[in-house]
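The structure under discussion appears below in the form of structure tokens.
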Amino acid sequence: MDKLRIIGGHRLSGRVEVSGAKNASLPAMAASLLTDKTLKLDNVPAVWDSATMRRLLGELGAQLQQVKPDDPHRFEISVPSVRSFEAPYELVKTMRASVLVLGPLLARHGRARVSLPGGCAIGARPIDLHLSALEKLGATVRIEHGFVDVQSDGLRGAEIYFDNVTVTGTENILMAACLAKGETLLGNCAQEPEVVDLADLLGRMGARIEGAGTRTIRVAGVERLEGATHSVIPDRIEAGTLIVAGAIAGDEIEVVHCDPHHLTALLEKLSEIGIESEVGEKLVRVKGGAGLRAANLRTLPYPGFPTDMQAQLMTLLTQAEGTSLVAETIFENRFMHVAELNRMGADVGLDGRTAVVKGPTPLSGARVMATDLRASACLVVAGLAAQGQTLIDRVYHLDRGYERLEEKLARLGAEIERLQQ
Ligand code: EPZ
């Protein structure tokens, strides 16, 4: 298992490019199941989760082709016919987002059988809201032998209100409703940019969708969907991670090929802490700062502060003057990184779903363990600011959602390398 070795204390400077969004590319690829025509996708990040989704689609009958042998970001995907309607345990256990094939497979093929995603490091993460919404569209849902089996002889539009804002839940039902008879009204939807990007793609395929990006989405079902060409939006969480790296260890860095509009909550929080940033066309310029101020943080659905940036921002708050309260409202167990940060010299206490961060405390390099995707990013950020060497185990978590992060940081002047083992 690969490790990352970081020697901290180097000042970062220069330009760094953001890759396409993992959480937009996964539903975009799953949308290929909705048509027998070809989807041409660009700006797909070369990360493990993208590869897992391609493997899963291949199992279901998709034909996937990289447009250019040397360009791992452009694909053509077509599903002339559905060869299998089952998403196997082996794949689903490595990537919960496999559940995104449920809606499109059911809508196109009338049946889908997906291994139920088990527990996850950051929370129970049930899919009950996906299933109850599919039932409202007229599907029958059976759970047996660790699988959810959904069937329908033709989905019908309905009024659906999500009890809880759910990103992949909104995406799954949005895809299913595109081919349902009649109109579907979705309430309390997720407003994440990734949901809007999916609606854009579906619109290019001929779907009739209104209101994506708001809490209420209306879908008028159509008979069939066509092929389309679509470039996936930039990854706002990767951009955010690089911006925080610049804030904690940078002189001045420029994060390019990102969409600053998707980063408002983060940039406002950084300003509160004392880190000013400049926004330009598809770029954010940030200067590292001293005299950081403590600030309270509450994770919320978009446009609130993203839970996927909570761990990275907490690392910055360990270097701020005073006590910061970090409330995690989305996932019930997303503080696995706290113990590792404390091993590096941070002073973070836990009180239920609130972390109490006291600072500033100097960080010192240590051997640490990544527990999930964003916790591993948090440890990379900590390693950049720490004195001495940090060795991060289990970086396979990082590779699921970041494209060669260590190379990007090294180009900014970080002393970081992957130890292949
Ligand atoms: C998406 O997960 C993202 N993943 C997550 O990013 C992100 O953390 C999360 O949204 C929140 O922003 C992808 O887009 C692939 P939810 P998702 O359904 O859709 C509860 C990363 O690091 N819930 O919005 O699975 C759930 O348990 C990943 O890239 C139900 O109770 O999250 C959670 O507490 C991690 N029943 C809350 O809602 C349901 O049926 C929000 O979850 C569905 C969700």
Next on the checklist: I'd like the distance between the alpha-carbon centres of the range 323-359 and the range 399-421, rounded to an integer number of Å.
Outcome noted: 25 Å
Item to check | Size of electric dipole in the chain: Cβ of Lys, Arg +1 and of Asp, Glu -1, about Cα centre, debye, nearest 20 | outcome: 440 debye
Item to check | Charge dipole (the range 1-64, unit charges on Cβ, about Cα centre) - positive-most of 4, 41, 60 | outcome: 4
Checklist entry - From the square roots a ≥ b ≥ c of the eigenvalues of the alpha-carbon gyration tensor of the range 125-226, which class results: rounded (a/c under 1.5), prolate (a/b over b/c), or oblate? => result oblate
Checklist entry - GNM on the chain, C-alpha springs below 10 Å: top fluctuator among 249, 327, 30? => result 327
Checklist entry - When all alpha-carbon pairs of the range 228-387 are counted, what percent fall beyond 22 Å? => result 36 percent
Item to check | 222 nm mean residue ellipticity, helices alone, for the chain (DSSP H n ≥ 4; -39,500 (n - 2.57); rounded to 500) | outcome: -9000 deg cm²/dmol
Item to check | Karplus-derived HN-Hα couplings along the range 407-421 (A = 6.51, B = -1.76, C = 1.60, θ = phi - 60°), whole Hz, x at Gly and Pro | outcome: 5, 5, 5, 4, 5, 8, x, 6, 9, 8, 8, 9, 9, 7, 9
Item to check | Hz values of 3J(HN,Hα) by residue in the range 128-145 - Karplus curve (6.51, -1.76, 1.60), Gly and Pro given as x | outcome: 4, 5, 4, 6, 5, 5, 5, 5, 5, 7, x, 7, 9, 10, 10, 10, 7, 6
Checklist entry - Top mean-square fluctuation among 317, 34, 283, Gaussian network model of the chain, C-alpha springs under 10 Å? => result 283
Checklist entry - Pairs 269/358; 40/68; 287/408; 136/181; 3/408; 287/358: which exceed 19 Å Cα-Cα? => result 287/358
Next on the checklist: If I take every Cα pair under 8 Å that is 6 or more residues apart in the range 58-203, average their sequence separation and divide by the length, what percent do I get for the relative contact order?
Outcome noted: 18 percent
Item to check | Surface accessible to a 1.4 Å probe, residue 40 within the full protein complex, Å² | outcome: 90 Å²
Checklist outcome for this item: At 4 °C and 1.567 mPa s, the Stokes-Einstein diffusion coefficient in µm²/s for the chain, with hydrodynamic radius from the Kirkwood sum on alpha carbon pairs, is 59 µm²/s
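The values are calculated or read from the model by the stated rules, or taken from the named source; none is laboratory data. Computed from a predicted model, the values in this text were never measured in an experiment. Please note: Cβ atoms are built from the backbone with ideal geometry, for glycine as well, and neighbour counts cover all protein chains shown. We work out accessible area using only protein heavy atoms, side chains counted, and drop any ligands, DNA or RNA first. Shrake-Rupley method; radii C 1.70, N 1.55, O 1.52, S 1.80 Å.
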